[in-house]
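Worksheet for the structure shown next.
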Amino acid sequence: MSAEPAAPRTVVLVIEDETPIRKFLRAGLEGQGYAMVEAATAEEGVTQAATCAPDVVLLDLGLPDVDGFEVVRRIRGWSTVPILVLSARGQDGDKVAALDAGADDYVTKPFSMQELLARLRVALRRRAEIGSERAESVVEVGRLRIDLARRRASVSGVETQLTPIEFRLLSILARHAGRVLTHDFLLREVWGPRYTTQHHYLRVYMAQLRHKVEENPGRPQLLLTETGVGYRMAEETRS
Ligand code: CA
């Protein structure tokens with residue numbers, strides 16, 4: 001055996017009852033240099049989360065023993081580890097419940113490894129930024145540049161005139177670029193806690209924003225709709 005110390009690797013805990021999906025994830029994650037720990041039930045997963053110190057958790061919402069959002073709640077009882085939820089198509093209510101319970105994001109099955117790795121990078125980067133208290137004041141996503149400190153936004157170098165509400169909505173999405181934000185969260189952050197049922201406010205303002213920042217507002221590339229859940233700004237582009 002080699003005496004060489006192993007390089008510290010990012011540990012991904014996968015809680016998923018389907019063996020083929022665990023195999024698929026292991027091949028993809030280990031191929032990218034991640035270390036993977038797996039659990040086939042919620043009970044086992046919660047125990048692993050406490051004992052193997054994962055850097056990120058991938059949690060299937062359809063586990064045989066415990067509801068996914070309950071698993072999120074249990075892990076959140078003691079840990080701030082990023083949790084990405086794996087959900088089946090049509091489980092919108094479950095996704096929202098998991099996000100409300102403290103999950104960071106989700107990927108809908110069937111997903112590509114590329115899509116999953118992108119979400120994973122966003123979650124890990126956010127964790128690193130929180131750890132170092134280094135908040136970016138400029139966010140760049142494709143042609144869009146948002147200066148949070150100076151409250152300005154530009155598209156391909158041309159400043160865009162935004163109303164205060166439009167800027168507020170855009171800046172919240174930008175601060176969480178790459179990550180899904182629920183309708184409730186956005187309404188609460190932009191308009192206040194009494195407005196969480198006013199989903200049409202969001203639709204109207206998102207349409208306005210898309211007209212100002214998207215090349216083709218009908219086929220948005222920057223401000224993405226997550227059907228039944230909320231909105232997501234595309235992942236930040238970094239040089
Ligand atoms: Ca399952």
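The values are calculated or read from the model by the stated rules, or taken from the named source; none is laboratory data. This structure is a prediction, so every number in the text was calculated from the model and none was measured. Note that each Cβ is placed from the backbone with ideal geometry, even for glycine, and that neighbours are counted across all protein chains shown.
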TODO: Determine whether Leu169 is surrounded by 13 or more Cβ atoms within 10 Å (Cβ to Cβ), assigned by the TED database to the domain that holds Leu209 and hydrophobic (A, V, I, L, M, F, W, C).
DONE: yes
- [ ] Could you list, in sequence order, all residues of the range 28-42 that are more than 18 Å from Arg121 (Cβ to Cβ) and more than 10 Å from the ligand (Cβ to nearest atom)?
- [x] Val37, Glu38, Ala39, Thr41, Ala42
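For the range 52-67, enumerate the residues that are within 9 Å of the ligand (Cβ to nearest atom) and among the small types (Gly, Ala, Ser). Working first, answer last.
Here is the first cut: in the range 52-67, the residues within 9 Å of the ligand (Cβ to nearest atom) are 60-64.
Once the filter is applied, which keeps residues that are within 9 Å of the ligand (Cβ to nearest atom) and among the small types (Gly, Ala, Ser), the range 52-67 yields only Gly62.
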TODO: Look at Val190 and say whether it is buried (at least 17 other Cβ atoms within 10 Å of the Cβ), β-branched (Val, Ile, Thr) and more than 19 Å from Ala234 (Cβ to Cβ).
DONE: yes
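Return the total of residues in the range 189-212 being closer than 20 Å to Leu162 by Cα and either free of Cβ contacts under 8 Å to residues at least 40 places away in the same chain or touching a Lys or Arg at 6+ places or on another chain (Cβ under 8 Å) (or both). Even if it seems obvious, please write down each step before you answer.
Quick first cut of the range 189-212, residues closer than 20 Å to Leu162 by Cα only: 189-192, 200-212.
Subsequent filtering for residues that are either free of Cβ contacts under 8 Å to residues at least 40 places away in the same chain or touching a Lys or Arg at 6+ places or on another chain (Cβ under 8 Å) (or both) retains 189-192, 200-204, 206-207, 210-211.
So the count comes out to 13.
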